[in-house]
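Below is one structure; the comments refer to it alone.
The values are calculated or read from the model by the stated rules, or taken from the named source; none is laboratory data. Predicted, not measured: the structure shown is a model, and the values here were computed from it. Positions of Cβ are backbone-derived with ideal geometry, glycine not excepted, and every protein chain shown enters the neighbour counts. All accessible areas refer to the heavy atoms of the entire protein, side chains included, with ligands and DNA or RNA removed. Shrake-Rupley method; radii C 1.70, N 1.55, O 1.52, S 1.80 Å.
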Amino acid sequence: MGNSKFTTHIETGLLVAFLLGSPGCAQKSGLSFQEESSQGESGPGGNNANEESESESNSTTPANVRPLSNEELNNAINDLLLDSSRPATLILPEESYSPFNNNVDLQIVSQPWVEAIENLAEDVAKKFSQDKARSERVLGCTPITEQCIVNFTPNLLKLAFRRPVEKEASTEILKLVQQVIKEDGTTSSGLYILIRYTLQHPEFLFRIEKNLNLNAFELATRLSFLLWGSIPDNDLLKSAENGELSDSDGIKKVALRMLNSEKAADRINRFHSMWLGFPNMGTSMLAQAMVSETNALLKRVIVTENKPWSEIFTSETTYLNAELAAHYGLSFVGNGSQWISYGNSPRRGIFSHGSFLSTVPKFGDTSPTQRGIHIRKRLLCQTVPPPPPDANVDNPPASETGSRCKEDRYLSHRKAGSSCFGCHQQLDPIGFGLENFDQLGRFRTAEADKPECVISGRGEVAGVGIFSGPRELGALLINENDLFRCVAQHYHSYAIGRIPQSVSASTATKLFKVFEEKSFKLKDFIIEYVASEHFRTKSLE
Amino acid sequence: MKSLSRRTFIRVGSLSMGLPVLDIMLNSSGTAYAQSNSSLPKRFALVFGGTSLGCTGDSSSNQIFPSATGRNYTLPMGLSSLADVKSQVSIVSNLLIPVGNSAGSTTSAFHTDAHLPQLTGMRIGRTGASSDQIMLNFLGGEKRGLHYLAQASYYRSDDAPYIREHLCFRADGSPIVNQQSPRAAFNSLFSGFSGTNETPPELNKLQARRKSVLDLLSTDLTKLISQLGSKDKIRMEQYLTEVREIEKKIEVLPPANSTNICSKPSDPGPDPRIGEQFSNTAYPGANQGYSNEDLRAKVFCDLIHMAFACDLTRVATLMITSVQSNMNTFSFTGHNMSVHGVGHEINNEAVAKSVRWHVGQFAYLVAKLRDTPEGAGNMLNNSVICYINEGGFGRDNADSSANSPHSTENMLSIVAGQVGGLRPGQHIDSYEAHPSSLLLTAMRATGYSGNLGEIATTLPQLYL
């Protein structure tokens, strides 16, 4: 075996590892991968899939069909059946993040997945059919009669499949349901069979788009998965039916309505946590407080106040409880959680949060190199080639002077004239500017076990400027267009289920311009974006 | 006594069922099927531990490699979990995968490339079927192999885990996805068996309904596939294939009553929760943890054992921990550190404890097979189980520094079973044989006569 497309050891993106060509390091706007992947159609005017010729679809349309992610399944099942047990997380294989969990290339269909889905369907259906209160509530009948189930089925299928369902589609399953009810003398058996069938159905489990110019229901589905992380509700389906999604203004109105839901704030938080690299913070009280801290900031700036998105990097206040404040060394008075001011501390915005600071640790500590890579790749969308194969990345760098201090040890990456210098001088100084903040987000003046190793906290983003600490880093980066271009590009890739590197440079530039026109207010950008050709067509770049 | 043919089926209702090996099918010495005189089913299993065999820079004695060779050797601490099955296993040390460009060679990139040549016998850059796939073809009839992964999570927040959690590969290089849910694995194998809680008629009714739902889904899928573009079709066809596989399994059911060695194992219940034990608090954003992999591995071993006993399959693989594993080892090393981390940041003794735990899962499976009578002997007589690791301990594959876990020198593997005349109970120095040679020897013992990738040599000492 060997180098299938899965072979990579540092990069998380599948394609990036092969595109090493760049002689320098950290190319700006290194998004020129369109030759690789942009074979898809974009723009309006494509034919309806039913009219597509065989040769057209064979040669130019890459695979688009993908299963729902675990969290999408959890949310959809909750919406359909009021089941909040997160059943997909309990039995399906864990998702991978690249950096999002809806990457069409990674979400393959495998025997373990299909078997686990059958288990999931059985569990959920059994629980539902045996839960009298819940099933009566969902079906809207007390008690549940056979006729009730017959009436319920078309709407269940419509919601589950995200489209109007012909009467005939219910016929076969209802035959089976009625047979089972007759055999067992109880309606709960019939309900069990119905739910089991629905949850295993391909039109429930998979994102399917048959049209190049998405029809109203396909668009409604895209909207609800992007903005809500779940299936459309009855109102959204009705809007699709009424033609409200047939033009740009109509879509914007609907999107605005959707963004006012709590589900939308959750999605924006999830997008950021995946984009910035902390999708699974764990269950400890401290970790949960950090999640709340970041969620509160994102929601306030982006949703509630609709301020320019850059404020998430410059915010002067943060949302803490007493435990987290003590952890950060910030003063806190009162009970519960509240917004407190950073005051004179070097903290501002999300770069100060434990969530962000906990990403990419190494050797039981922060890694200035990893933090530098993370910021260049993830926040600025720059290309960072992996280290050469003979570089031993599993051992901490050692100083030639024998000094135990990190600043000295990491200088071995930047020996003048060495082949390591080119990349590392772009990376390590960024991380060193954050070194006063450990991998738990605590402030430190010296290394944990070496009080003689005082941390200078001096850093630099080569080509941009010098800084020390999260406050100054935020102030530096919000002046870089690349930051805004990069988040827009990531948002688009998240919307279409492709890795960010597959978005072409020209698309990223167009999206940046939209973001700019909206004064970099993310909510306004999102509304504009979902009404644009990038979202309304089955484009792949 | 009249003997039954191996192919006898029982009809129950509208479903027919195959039978596992019943005494009545065997010849008088219990070594072959009475009617056809073909031998008892042979099984091949592979168990993998995501460890190397030492810690960076630690030159102290590492408590894994036995000193004496032959049949009178002592098990060091790192292999002490083999104590109960010592006579049933042979240990092969001093295995080596060369770095460079030769048959079965690896590269300097350790975590991506070190474990692969061992599995397929191919040098990096060439694809080939892994040993289990070859065995499946040779031994397995039409039955699919079992492919399990005990490690329940990648245990890091922001990296994609793929490649690190694949053990088995088809000839074209595509990986086989492992099942990580013990519960799903249990149901996949045994949902057709009646246990103590349901009568055969009840079970038949449930299975028939299950099949009806799957039938409907197959029809809907077929219709949907016809409406999709060609590349989308492929994905949906994969789903249809798997649905049909499940239906096929429902059609070929085991007997409703237990037989001498084949019976429905106890239901493992819901899977242990993920990541909620021994989280490494130094990495709050990186969900490093433990999900009772000890129990998960034991359940998978139970399933493999019973799947063999019921002849539901002849080939099984168990990846205990992934390559470069982030699973927390606190419960068996006492250190709040990942499997990968102990090999870089603790010491040889901690690595030995980690190896001991991994090898213990293998020993558990070996003991179960040994303790299950079959024919005139036991199941292990007709099986071969191999245990392999990710790496060895020696010169670093990248920079040749000494005492490195990123080395494919001094690798060690274990083989259990007596199929084909294998004579376990020894420690063998392989004199730098390729670890695929051990796998190939195991494969040849089942009667297979081909090679494993580019590796054609075996270890004849395993027969002496």
Tell me yes or no: at least one residue of segment B:163-171 is facing chain A (nearest Cβ under 10 Å), in contact with a Gly (Cβ under 9 Å, 6 or more places away or on another chain) and not in a loop (DSSP other than H, G, I, E, B). yes
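Looking only at residues in segment B:229-242 that are surrounded by 18 or more Cβ atoms within 10 Å (Cβ to Cβ) and more than 7 Å from chain A (Cβ to nearest Cβ), which one is modelled with the highest pLDDT?
In the first step, residues of segment B:229-242 are kept if they are surrounded by 18 or more Cβ atoms within 10 Å (Cβ to Cβ); the result is B:229, B:232-233, B:235-236, B:239-240, B:242.
Among the residues that remain, those that are also more than 7 Å from chain A (Cβ to nearest Cβ) are: B:233, B:240.
Working: B:Lys233: 91, B:Leu240: 97.
My answer is B:Leu240.
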Residue identified as open to solvent by 30 Å² or more (accessible area, probe 1.4 Å), more than 17 Å from the chain's Cα centre (by Cα), over 18 Å from A:Ile251 (Cα atoms) and at pLDDT below 95 among A:Glu533, A:Glu541, A:Glu517: A:Glu541
When only residues in segment A:92-117 that are touching an Asp or Glu at 6+ places or on another chain (Cβ under 6 Å) and over 21 Å from A:Leu276 (Cα atoms) count, which is farthest from the other protein chains (Cβ to nearest Cβ)? A:Gln111
Any idea how many residues of segment A:518-533 are under 18 Å from A:Leu259 (Cβ atoms) and in a helix (DSSP H, G or I)? 9
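Please list, ordered by residue number, the helices (runs of 4 or more DSSP H) wholly in segment A:226-335 having 1 or more residues that are of a type in the set (Asp, Glu) and farther than 21 Å from A:Leu440 by Cβ. Write out each step before concluding.
Values: elements: A:234-241, A:248-259, A:262-276, A:285-298, A:311-314, A:322-328.
Hits in segment A:226-335: A:234-241, A:248-259, A:262-276, A:311-314.
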Mind listing whichever residues of segment A:459-475 are in contact with a strand residue (DSSP E or B) (Cβ under 8 Å, 6 or more places away or on another chain) and more than 14 Å from A:Gly431 (Cα to Cα)? A:Ala475
State which residue is surrounded by the fewest Cβ atoms within 10 Å (Cβ to Cβ) when the search covers only segment B:260-278 and only residues that are modelled with pLDDT under 80 and in contact with a helix residue (DSSP H, G or I) (Cβ under 9 Å, 6 or more places away or on another chain). B:Asn260
Enumeration of residues in segment A:223-237 that are open to solvent by 10 Å² or more (accessible area, probe 1.4 Å) and either closer than 14 Å to A:Lys253 by Cα or in contact with a Ser or Thr (Cβ under 8 Å, 6 or more places away or on another chain) (or both): A:Trp228, A:Asp233, A:Asp235
Only one of A:Ser367, A:Ser341, A:Ser337 that is modelled with pLDDT of 95 or more, surrounded by 17 or more Cβ atoms within 10 Å (Cβ to Cβ) and among the small types (Gly, Ala, Ser): A:Ser337
Where the second residue is open to solvent by 40 Å² or more (accessible area, probe 1.4 Å) and part of a loop (DSSP other than H, G, I, E, B) and the first is more than 7 Å from chain A (Cβ to nearest Cβ) and polar (S, T, N, Q) and lies in segment B:119-147, which pairs have Cβ atoms under 7 Å and are six or more apart or on separate chains? B:Gln133/B:Arg170
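Quick one: in segment B:354-390, of everything that is polar (S, T, N, Q) and within 18 Å of B:Arg444 (Cα to Cα), which residue is most open to solvent (accessible area, probe 1.4 Å)? Give the derivation first.
At the first step, the residues of segment B:354-390 found to be polar (S, T, N, Q) are B:354, B:361, B:372, B:378, B:381-383, B:389.
Still in the running and within 18 Å of B:Arg444 (Cα to Cα): B:381-383.
Details: B:Asn381: 54, B:Asn382: 31, B:Ser383: 0 Å².
Ranking the qualifying residues of segment B:354-390, first place goes to B:Asn381.
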So B:Ser87 ticks every box in (1) open to solvent by less than 10 Å² (accessible area, probe 1.4 Å); (2) not aromatic (Phe, Trp, Tyr); (3) not in a loop (DSSP other than H, G, I, E, B) but one. Which box is left unticked? (1)
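Return yes or no: is B:Ser102 in a loop (DSSP other than H, G, I, E, B), hydroxyl-bearing (Ser, Thr, Tyr) and out of contact with any strand residue (DSSP E or B) (no Cβ under 9 Å at 6 or more places or on another chain)?
Values: in a loop (DSSP other than H, G, I, E, B): yes; hydroxyl-bearing (Ser, Thr, Tyr): yes; out of contact with any strand residue (DSSP E or B) (no Cβ under 9 Å at 6 or more places or on another chain): yes.
Yes, satisfied.
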Give me the pairs: first residue in segment A:375-397 and open to solvent by less than 40 Å² (accessible area, probe 1.4 Å), second residue among the aromatic types (Phe, Trp, Tyr), beta-carbon distance under 8 Å, and six or more apart or on different chains, which are they? A:Arg378/A:Trp275; A:Asp394/B:Phe110; A:Pro397/A:Tyr410
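Would it be correct to say that A:Val461 is of a type in the set (A, V, I, L, M, F, W, C), open to solvent by less than 30 Å² (accessible area, probe 1.4 Å) and within 26 Å of A:Pro67 (Cβ to Cβ)? Please lay out each step first, then the result.
Details: of a type in the set (A, V, I, L, M, F, W, C): yes; open to solvent by less than 30 Å² (accessible area, probe 1.4 Å): yes; within 26 Å of A:Pro67 (Cβ to Cβ): no.
So A:Val461 does not fit the description; no.
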Would a scan of segment A:295-317 turn up a residue that is open to solvent by less than 50 Å² (accessible area, probe 1.4 Å), at pLDDT below 95 and more than 14 Å from chain B (Cβ to nearest Cβ)? no
Please enumerate the residues belonging to segment A:170-188 that are within 9 Å of chain B (Cβ to nearest Cβ) and surrounded by 18 or more Cβ atoms within 10 Å (Cβ to Cβ). A:Ile173, A:Leu176, A:Val180
For segment A:424-444, which positions are among the hydrophobic types (A, V, I, L, M, F, W, C) and surrounded by fewer than 23 Cβ atoms within 10 Å (Cβ to Cβ)? A:Leu440, A:Phe443
Here are some conditions: (1) more than 13 Å from chain B (Cβ to nearest Cβ); (2) crowded, with 23+ Cβ neighbours inside 10 Å; (3) modelled with pLDDT under 95. A:Leu214 meets all but one. Which one does it not meet? (2)
Exactly one of A:Phe225, A:Phe204 is within 26 Å of A:Leu92 (Cβ to Cβ), within 11 Å of chain B (Cβ to nearest Cβ) and not hydroxyl-bearing (Ser, Thr, Tyr), and that residue is A:Phe204
